[in-house]
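See structure below.
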Amino acid sequence: RRKHKVTVVGSGNWGTTVAKLVAENTKEHSDIFEEDVQMWVYEENVTIPSDSPHHAAVGDKPQKLTEVINTYHENVKYLPKIPLPSNVVANPSLVDAVKDSSILIFNLPHEFIGNVCKQIKGHILPYARGVSCIKGVTVTEDKVELICEYISESLGIYCGALSGANIANEIANELWCETTIAYNTPLCDRRGENGSNGANGEHHRDARGQISKTELTPVPQDYPPADHNELRKLFDRPYFTVSMVSDVVGVSLAGALKNIVALACGFIEGHGWNMTAKTAVMRRGMLETIQFCQEFFPETIQEMTFWESAGWSDMIVSCTSARNWRYSKMAVERGVSLYEVERTELNGQKLQGISTTKEVMSFLKARGVQDKYPLFKAVEGIVDGTFEVKDIPVLFRQ
Ligand code: NAD
Ligand code: 13P
C-alpha cells in the first residue's frame, strides 16, 4: 500500500509550527504517511542571532534559511529556539516541494497564495487533497472567496480549512490548545459509502456545501483514504486537540474576520481603554462576522461553528494576545501607522488584519452595504487615518 506524502507550503511562524507537529505525527503513523515532511521555504538569507548556540559556527555571515533549517533543525528567523524534528525537510523549490505529495497543507500569509497556486498548477498530483491553515479571504471585483475555495478552484483539488485559537509560539512550545478542521469529505473519498468505491471521478461538495461542477479525481485505492480519520491522525497531538466539522465557510470566515476585530481591540487598548471596552468590541465584531456569513454565504453557515475553537475562542485569543492585537496597540501608543509598525517590528512576519480589512471593505463597498458593518468600516478608517479611535463608542449608539 502506498503512503501519503505531505508537504507544508509555507514556513513562517505558523507554517513552521504546523510542519513540526505534522512531522511528529507522520513518524508516529508511518503506516499511513511517509515520514519526511516537505516544507516549502520562501528562500532568503538570514543572519543567525548572536544568542543562538549555532551562531559560533558561522558568525554574522548570512546563510540561506533552508540550509540553516536543514543543518540545525531550527527556523531561526520565524520560529527561533524551537527544535524541529529532523524529518522536516526545508525545500526552496516550490514545484519540487509539492511534487508527488498527496496532502498539501497551505500555510502562508494569504496575500501570497495567488502566486503560489499559479506556480504549482499542473505540478501537483491530480488526486492531491488540501488543507488551508491560512486566515484571510481573496476579493476579486465584487466577489469574496474563501482561501480554500480559491485553492480548490485554481488547482482543481479539494481543500478544507484548519483554524482555531492558535498562537504559533505556544503550540510550538507544546502548550495545549484546540483547533477546528473543516473538511466536507468529498463523496469520492468515502469508500464503501453510498455505493462509492472511489474508482470513478465523482462530483463533490464545494466549500459552500454545493455539489461542485468540477469532477474530482479520486484518491487511488492503493492509498489510505484522505478523510476525517486520516486528517485527525495527521494534525492531532497531545498538545493540539483537533475537532472535525463540515462548515468550511464558517471556519474560514471566522478565522479571517477576527483579524479585523483584533486590530480594533489593539487600537482600543492603545488608546487607554481596557478589557471592558475590548469585550464590547469583540461582541460587536462577532455580530458583524456572523452577519457577513449569513448575508453572503447563507447556504451552509452553521451558527454552532462560532462555538468551536475557530469561533469565539479565536476571537478572544486574537483580541488579547495575537500579533494583530499586539502591534495595533503599539501603533496607537507610538502614534505611528500600522504599516510602519509591521515594517519595523515584525522581522518579516505579516499582519493579516490590514489586507483583510481592505479586501472585506472593498467587497462591501462594491455591494453598497458598508454602513451595515460599522466596526469593520471604522477599522479601515483608523488604518487609513480618517477615523479616530476615540470615536469608536459612537458606533454603539447608532
Ligand atoms: P509569518 O507572518 O510568520 O511569516 C511570513 C511568511 O511569509 C514567511 O514565511 C516569509 O518567508 C513568507 N513570505 C514573504 N514574502 C513572500 C512571498 N513573496 N511569497 C511567499 N511567501 C513569502 O507567517 P505565518 O504566521 O506562518 O502565517 C501564515 C498564516 O497562518 C496566516 O494566514 C496567519 O493568519 C495564519 N496563522 C498564524 C498564526 C500565528 O500564531 N502565527 C496562528 C494561526 C494562523
Ligand atoms: P495573529 O496573526 O494576529 O498573531 O493571529 C494568530 C491567530 O490566528 C491566533 O489564533
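So the values come out like this:
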item	result
Length released on extending from Gln119 to Leu175, taking residue separation times 0.36 nm less the Cα-Cα span	16.6 nm
Nearest-20 debye value, the chain charge dipole, Cβ charges on Lys, Arg, Asp, Glu	360 debye
Under 5 Å, built H, 5+ apart or other chain: amide partners of Phe106	Val9, Val131, Ser132, Cys133
Fraction of antiparallel bridges per DSSP, the chain only, in percent to nearest 5	35 percent
Computed lengthening from Lys372 to Ser337, 0.36 nm per intervening residue step minus Cα-Cα distance	10.0 nm
Rounded FRET efficiency, nearest 0.05, which uses the C-beta distance separating Lys3 from Glu345 and R0 of 35 Å	0.25
Prolate/oblate/rounded call for the chain, Cα gyration tensor, a/c under 1.5 rounded	oblate
Flagged links, alpha-carbon separation over 32 Å, of Lys5/Lys278; Lys121/Lys372; Lys77/Lys329	Lys5/Lys278; Lys121/Lys372
FRET E, pair Gln398, Glu215, Förster distance 51 Å, beta-carbon r, rounded to 0.05	0.60
Signed unit charges on C-beta, dipole axis of region 1-78, positive-most listed residue His55, Ser30, Val76	Ser30
Label point distance in nm, Thr140-Asp96, each placed 7 Å from Cα along Cα→Cβ	3.1 nm
Taking the chain and dividing mean pair separation by its residue count, relative contact order in percent (alpha carbons under 8 Å, at least six apart)	15 percent
Shape of region 1-144, Cα gyration tensor, a/c cut at 1.5	oblate
Positive-end extreme of charge dipole, region 241-379 - chosen from Ala280, Thr300, Leu346 (charges on Cβ)	Leu346
Mean Cβ neighbour count within 10 Å, used as a protection proxy, ranking 166-173, 317-324 highest first	317-324, 166-173
Scattering curve values for region 271-347, log₁₀ I(q)/I(0), Debye with Cα scatterers, q = 0.11, 0.24 Å⁻¹	-0.38, -1.09
Span-like helix ranges in the chain, DSSP H, alpha carbon extent 30 angstrom or more, Kyte mean at least 0.0	248-271, 275-296
Relative contact order of region 341-398, pairs being alpha-carbon contacts under 8 Å that are 6 or more residues apart, as %	23 percent
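Quick note: the coordinates plus some simple rules give every number you see, no bench work behind them. These numbers come from a predicted model, not from an experiment. Positions of Cβ are backbone-derived with ideal geometry, glycine not excepted, and every protein chain shown enters the neighbour counts.
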